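Q: Here it is: the structure, laid out below.
What follows draws every value from the coordinates through simple rules; no lab data is involved. Since the structure is predicted, the reported quantities are computational estimates derived from the model, not experimental observations. Heads up, the Cβs are rebuilt from the backbone with ideal geometry, glycines too, and the neighbour counts pull from every protein chain shown.
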Amino acid sequence: MTVRIGVEEEFHVIDVESGELVPRADAILSRLTRHTGAYTRELAQSAVESNSGVHTSLQDLWADLSTSRRRLDRAAASQGLAVAAVGTAPLTRLGTVPTTVDERYLHMTDEYRRLVGEQLICGAQVHVDVPDRDTAVRAMCAVGPWLPVLLALSASSPYWLGTDTGYASWRTMVWQRWPTSGPAGCFADAAAYDRAIQELISSGVISDPGMIYHDIRPSSHLPTLELRVCDACPRVETVVLIAALFRALVVDACAAVRETGDAGCDGRHEWLRTATWRAARSGLEGDLVDPETRLAAPAPAVVRSLLRKVRPTLEEFGDWEATLSLAEDALARGSAAAVLRAKVAEEDLLAGVDAVLAETRGEKLRPARAGRRVRPIPTGWDGRPAASAS
């Protein structure tokens, strides 16, 4: 069985000298005109999106994302800039980043006002092939309870406007202010889902299906189920881990739909928003809500519960050992939010930004004492130390 995956990554544009977010996405994109479609504008002029190819192999996905980031880094460096794959840029000032000049974006600015002005956030989206739209709608209901776990794995945004928010993913708090954000809910089939979307458009609350910002959704233009809950991740390995887990969840849910007509969802999703808040607050460093018991449990235990759940499918795809290695490495390192906080505590916020930029470029940083340079740690694509690592 072959089920394809693809990834969209959003990056903040950072001035190298100051470490601040700057509205210079077009300066980078102008250097990438040979790669039409692979890199695009975003709502804010301070963000660039990259679009991966479509892959069946995790190793191929890793190679694609790594190559794309290196290309983006070279284009940015030629302008005195860098890109940061992180949920929020730590050094950001409101009112300094205009909206991208585009008819749709300008309409959103007029309609949603300050929400657009503060939409200085970046995420990572994963697409997984699904057989048809009916299956996608039924499957997303069963996958939904596990999405807060994927959010916790991605959490990378503790800082906002230069201060520590106390959250692992402040991006989630900013994102949830939109009228169509959050859990998707349950629908009997694609027709019911599409009617609900059309009602929202008819109400005037949103202008098009692309403004459905649920944590998971059937893509409006691709035959995929799309994960949207995650922060942008400094490490490519984290994106690959999340893609592997999400694909396995979707495959299992689609199989259940095929065999029984539904994915076994009990229709009770009122707890999901609170589970998402818990993941945004704690990341991997506190409790999560266990989807199987709906009780608090340490994040590592919930992550390992997810691994056990999807192990048969990961083994079928030949992904089990790599996914297990990536997951255990993620738990040992801690969330990107915790790593960033430790770096800031050790030195300062600018050093934290520099560390994020380095990891986005593909450097694996060894923790260092205050005043000492960090050293890269060579690793393989699956997160394991390379043979040359000391």
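Q: DSSP loop GluC sites (Glu not before Pro) in the stretch 1-84 with at most 14 other Cβ atoms within 10 Å of their Cβ, which ones? Don't skip to the end; give the middle numbers.
A: Working: sites: GLU8, GLU9, GLU10, GLU17, GLU20, GLU42, GLU49; in loops: GLU17, GLU20, GLU42.
Sites meeting the loop and neighbour criteria: GLU17.
Q: In nm, to one decimal, how far is the modelled label at ARG177 from the one at GLU328, with both set 7 Å along Cα→Cβ?
A: With each label placed 7 Å out from Cα toward Cβ, I get 4.3 nm.
Q: Counting only complete DSSP H runs, which helices of the chain cover 27 Å or more along their long axis at the Cα atoms and score a mean Kyte-Doolittle of -0.5 or above?
A: Values: long enough: 58-77 (28 Å, -0.64); 236-260 (36 Å, 1.45).
Helix filter hits for the chain: 236-260.
Q: Taking 0.36 nm per residue of sequence separation and subtracting the Cα-Cα distance, how much length would be gained by fully extending the chain between ASP15 and THR67, in nm to one decimal?
A: Values: separation 52, 0.36 × 52 = 18.72 nm, distance 2.18 nm.
That pair, ASP15 and THR67, stretches by 16.5 nm at full extension.
Q: Helix-derived [θ] at 222 nm for the chain: sum -39500 (n - 2.57) over DSSP H runs of at least 4, divide by residue count, nearest 500? Display every interim value, and only then the final one.
A: On the way: 14 runs with 170 residues, N = 390.
Taken over the chain, the calculation gives -13500 deg cm²/dmol.
Q: I've got another one for you. For an R0 of 25 angstrom, estimate the FRET efficiency from the Cβ-Cβ distance between ASP208 and ARG4 and round to the nearest 0.05.
A: FRET efficiency, ASP208 to ARG4: 0.45.
Q: What does the extension gain come out to for ARG41 and SER78, with contour length at 0.36 nm per residue minus their alpha carbon separation?
A: Additional length available on full extension: 11.5 nm.
Q: Just one of (1) 19.9; (2) 18.2; (3) 21.0 is mean projected area of the Cα convex hull in nm² as worked out from the coordinates here. Which one is it?
A: Label of the calculated value: (2).
Q: Each label point is 7 Å from the Cα along the Cα-to-Cβ direction; what then is the distance between the points at ASP287 and SER220, in nm?
A: Modelled inter-label distance: 3.9 nm.
Q: Taking 0.36 nm per residue of sequence separation and subtracting the Cα-Cα distance, how much length would be gained by fully extending the chain between ILE201 and ARG34, in nm to one decimal? If you can, show how the numbers build up before the last one.
A: Numbers: separation 167, 0.36 × 167 = 60.12 nm, distance 3.62 nm.
Result for the pair: 56.5 nm of gain on full extension.
Q: What's the FRET efficiency of ARG304 with THR260 using the Cβ-Cβ distance as r and R₀ = 41 Å, to the nearest 0.05?
A: Numbers: r = 27 Å, r/R0 = 0.66.
It comes out at approximately 0.95.
Q: Hey, with R₀ at 51 Å, roughly what FRET efficiency would ASP110 and GLU321 work out to, going by the Cβ-Cβ distance, to 0.05? Let's see the in-between values first.
A: Working: r = 51 Å, r/R0 = 1.01.
Computed FRET efficiency for ASP110 and GLU321 comes out at 0.50.
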